[in-house]
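The values are calculated or read from the model by the stated rules, or taken from the named source; none is laboratory data. Everything quoted here is computed from the prediction, not taken from an experiment. For neighbour counting, all protein chains shown are included, and Cβ atoms are generated from backbone atoms with ideal geometry for every residue, glycine included. Surface areas here come from the heavy atoms of the whole protein model, side chains and all, with no ligands, DNA or RNA. Shrake-Rupley method; radii C 1.70, N 1.55, O 1.52, S 1.80 Å.
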Amino acid sequence: MGQLVRVPANETQRLLAVRSLNAIHSSPTPELATLAELARGVFEMPYAAINIIDEDWQRIAGQAGLKIAECSRDMSICTRVVFDDELLVIPDLAEDPELRSFSFVIEDPRFRFYAGAPVRLENGLPVGAFCILDQKPRRFSPGEEQSLRHFAQIASALLRLQKSNLLMGIAENGLRTAAMTDPLTRFFNRSALEGVVDGALSAAVAAGRHFGVLYLDMDGFKSINDRFGHNVGDEVLCEAAARIRSVVHADDIVVRMGGDEFAVFVSAPPDRSALVSLSERLLIAFRAPFAVDGVSMSAKLSIGVALAPKDGATRKLLLQNVDAALYQAKAAGRDRAAVFNALDA
């Protein structure tokens, strides 16, 4: 079956508006379903729905009464409402030359009456239709037409509000992430200790899993800053961040604790040996000299290693103990990792 109507000239802009709703019309929306139920009662119809028309399909944003499946837009009467951008009333579908042979007319649910009004976003482009259908022919008074337009206006307002809430949520998440991100290395900053690490640690402890932490300190970094200045020091830190990323796993949480100190939180290491193996790979990565503006300089690592819950079930205790292990690594000659041992603390 071909399209019911020609594609309008503004279809590209209209589809852009439809795509902006993707996250909220991927499944029926409770508020729109409630509105459809209200309309079904007001008009005394067996079915009411708010449908979104995309490139290929009629998507149901909310429906009430009979349960109707989504369909191709070529088989949707709402497509005609959207493309003409005006109210459409068909008193008897069986008398419409295009629609009378459609399956929803000659087979269940055997619809005979249709009325639909455009649903629009803030730019005025129609993205869908508020429709009501009956299984018997009927007339639709001017007052009823106006009421259906009002229902469509309310549905439009709900869609705009839900879209705004979605965008605000995305923006809020972005701001929250930005507030926890170190601008130089793009790792988390200390704000993430409470915002991210505490939750991951608590979840691991509650589930009976291990939770590891490596505390990294760059040996010789202070002398680089003192000799070459902070600009060179920043370039070294950016390269250091790249080396850390090349070694850690994607689900590890890396926090720049300050200056040249980093903490790597490992969500579910099988044991201490896995943390030691990760430490060795980091040590190797930092043994290569850093080169800035043709100048070669060294900044190796000292690493402390601790494993929750044995070495601490809270972030405060875990960091206290991993810091003690880092001190042991430095005292033993640097460029090495030391595992926390309560007997040595």
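For this structure, a couple of remarks:
- Residue match in region 255-262 (condition: out of contact with any helix residue (DSSP H, G or I) (no Cβ under 6 Å at 6 or more places or on another chain) and either open to solvent by 60 Å² or more (accessible area, probe 1.4 Å) or of a type in the set (Val, Ile, Thr) (or both)): no
- Test set (1) open to solvent by 10 Å² or more (accessible area, probe 1.4 Å); (2) at pLDDT 95 or above; (3) not in a strand (DSSP E or B) - LEU148 fails condition number: (1)
- Filter result for LEU161 (in contact with a helix residue (DSSP H, G or I) (Cβ under 7 Å, 6 or more places away or on another chain) and among the aliphatic types (A, V, I, L, M)): no
- Condition check for ARG209: outside the structural domain of VAL322 (by the TED database) and either outside any helix (DSSP H, G or I) or modelled with pLDDT of 95 or more (or both): no
- Test for ASP251: is it crowded, with 17+ Cβ neighbours inside 10 Å and of a type in the set (D, E, K, R): no
- Subset of region 309-325 [buried (at least 24 other Cβ atoms within 10 Å of the Cβ) and either at positive phi or in contact with a Leu (Cβ under 8 Å, 6 or more places away or on another chain) (or both)]: ASP311, LEU318, VAL322
- Test: residue in region 74-82 that is out of contact with any Leu (no Cβ under 9 Å at 6 or more places or on another chain), of a type in the set (A, V, I, L, M, F, W, C) and buried (at least 19 other Cβ atoms within 10 Å of the Cβ): yes
- When residues of region 116-145 are limited to those that are surrounded by fewer than 18 Cβ atoms within 10 Å (Cβ to Cβ) and acidic (Asp, Glu), the one modelled with the lowest pLDDT: GLU122
- Residue within region 125-138 that is assigned to a loop (DSSP other than H, G, I, E, B), within 28 Å of LEU15 (Cα to Cα) and charged (D, E, K, R) present: no
- Residue among ARG272, ARG245, ARG281, ARG287 that alone is among the charged types (D, E, K, R), over 28 Å from ALA200 (Cα atoms) and open to solvent by 20 Å² or more (accessible area, probe 1.4 Å): ARG287
- The criterion of being at positive phi and not charged (D, E, K, R) holds for GLY258.
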